[in-house]
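> Structure in structure tokens, see below.
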Amino acid sequence: MSLVKWIGFLRARMRTLVWGCVTVLVAIVVLDAIPSLVSKEHAHTTVERVPGFWALFGFAGCALLVFGSKLFGRAGIVQPEDYYVRKGRRDTSSSTSGTQSHPER
């Protein structure tokens, strides 16, 4: 299955995908709370003994990366689609030949 078809398949089932991910997260937290499955005697800090700490820590870190990158993009990295047209520059990406000519050195 090609990547485009796979993405289309997942987009059509977005609600199911989200609920599946939430179910996996809840299962990890519940399994982490069972003392016979996960030993917490070698934890370095007190907060590591909290059931599901690392699952929630990982989720928070991922969310921070996503929102931080969006803020970075809005701060000026991402330019509007008509950026080059407004600045009086030609858009060379729409050339029909597909090759660029370079002057001889």
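> Looking for something modelled with pLDDT under 90 and outside any helix (DSSP H, G or I) - is there at least one such residue anywhere in segment 52-71?
yes
> What are the residue pairs meeting all of these: first residue in segment 18-44, first residue within 14 Å of Phe59 (Cα to Cα), second residue outside any loop (DSSP other than H, G, I, E, B), Cβ atoms under 8 Å, and 6 or more apart or on different chains?
Within 8 Å, the pairs are Leu25/Ala55; Leu25/Phe59; Ile28/Ala55; Val29/Ala55; Val29/Leu56.
> Just name the residue that is surrounded by the most Cβ atoms within 10 Å (Cβ to Cβ) out of those in segment 11-52 that are in contact with a Phe, Trp or Tyr (Cβ under 9 Å, 6 or more places away or on another chain) and among the acidic types (Asp, Glu).
Among them, the one singled out is Asp32.
> Considering only residues that are outside any loop (DSSP other than H, G, I, E, B), among the β-branched types (Val, Ile, Thr) and closer than 17 Å to Val50 by Cβ, which ones fall in segment 19-38?
Val26, Ile28, Val29, Val30
The values are calculated or read from the model by the stated rules, or taken from the named source; none is laboratory data. Only a predicted model underlies this, so the values are computations on that prediction, with no experimental measurement involved. Methodologically, a virtual Cβ is constructed for each residue, glycine included, from the backbone with ideal geometry; neighbour enumeration extends over all protein chains shown.
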